[in-house]
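Since every read-out is calculated from the coordinates, none of them should be taken as a lab result. Note that the structure is a prediction, hence the values are computed from the model and not measured. Reconstructed Cβ throughout: ideal geometry from the backbone, glycine too, with neighbour counts over all protein chains shown.
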Amino acid sequence: TQLLEQSPQFLSIQEGENLTVYCNSSSVFSSLQWYRQEPGEGPVLLVTVVTGGEVKKLKRLTFQFGDARKDSSLHITAAQPGDTGLYLCAGIGGTSYGKLTFGQGTILTVHP
Amino acid sequence: DVKVTQSSRYLVKRTGEKVFLECVQDMDHENMFWYRQDPGLGLRLIYFSYDVKMKEKGDIPEGYSVSREKKERFSLILESASTNQTSMYLCASSYASGSLSSYEQYFGPGTRLTVT
């Protein structure tokens, strides 16, 4: 069974600060996704990274896939209250019909 | 817009009751999934289906069964609800094949089930 360890579990920061969320595994993943979930809603995909070493940017969010495809990070620059939510990483192993393995999630709170 | 709908947002059932959770998607996706979400545990896969009448166990199938009679509908059944099945249940769907970047899962809003 492939596992994804996500850290930290909680982050409480002030508006304007930077933060990084980590997602680590001892297993290799074909690709890795990051989702964001707001209260009362299901997770929504932010990005998929496929190639080892890949970096993708989405406005103030930067996603990186490790060279060995075992880890990933999400960096937010100048966090805003609208970034508040639950962030989930999810990895795809072999093919397995697109089955995802999720990390435990990081609850981010950005205070104005 | 892709839409995944779940039959109830909130549900309260008694121990021992049979519970049906329904999920419908409108994107003609082949894959459908049922997860439960608990604080600190992320999303854990209960069952998934890759075609009509086809299903596979996920990581925590005990106490659950599923039914997929039509492509757009995937039902989760709790045969005899127990208090440890109190949780948030999320349904998702996705395409079955294509590039790795096309395995995006689309989620419903969730059903918060309380078993008393």
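Here are a few things to note about the model shown:
- Relative contact order %, chain A, counting alpha carbon pairs below 8 Å whose residues are six or more apart: 36 percent
- Pairs from the list A:K56/B:K57; B:K18/B:K53; A:K70/B:K3; A:K70/A:K99; A:K70/B:K70 with a Cα-Cα gap above 26 Å: A:K56/B:K57; A:K70/B:K3; A:K70/B:K70.
- Rg over Rh, two decimals, the stretch B:34-91 (C-alpha only, Kirkwood Rh): 0.96
- Cα-derived Rg over Rh, computed across the protein assembly as shown with Rh taken as Kirkwood radius: 0.97
- For chain B, averaging the sequence separation of C-alpha pairs within contact (under 8 Å, six or more residues apart) and dividing by the residue count gives a relative contact order of 36 percent.
- Cα centroid separation, the stretch A:16-77 to the stretch B:61-95: 28 Å.
- Averaged over the residues of A:18-30, the number of partner chain Cβ atoms lying within 10 Å of the residue Cβ comes to 0.
- Local electrostatic count, A:S25, Cβ distance below 11 Å [Lys/Arg +1, Asp/Glu -1]: 0
- Within chain A, percent of DSSP bridges classed antiparallel, to nearest 5: 90 percent
- Chain lengthening between A:V55 and A:S27 when straightened (0.36 nm per residue, less Cα-Cα): 8.1 nm
- Percent of beta bridges antiparallel (DSSP, the protein assembly as shown, rounded to nearest 5): 90 percent
- Net dipole in debye of the protein assembly as shown [+1 Lys, Arg Cβ; -1 Asp, Glu Cβ; about Cα centre; nearest 20]: 300 debye
- Surrounding net charge for B:D28, when Lys and Arg each add one and Asp and Glu each subtract one, Cβ distance under 15 Å: -1
- One way to sum up the overall shape of the stretch A:1-87 is the equivalent ellipsoid from its Cα gyration tensor, whose semi-axes run 22, 14, 12 Å, largest first.
- Between A:G42, A:G93, A:G53, the Gaussian network model of chain A with springs among Cα atoms under 10 angstrom shows the greatest mean-square fluctuation at A:G42.
- Values of log10 I(q)/I(0), in the order q = 0.11, 0.12, 0.19 Å⁻¹, for the stretch B:1-112 under a Debye, Cα-only, solvent-free model: -0.32, -0.38, -0.95
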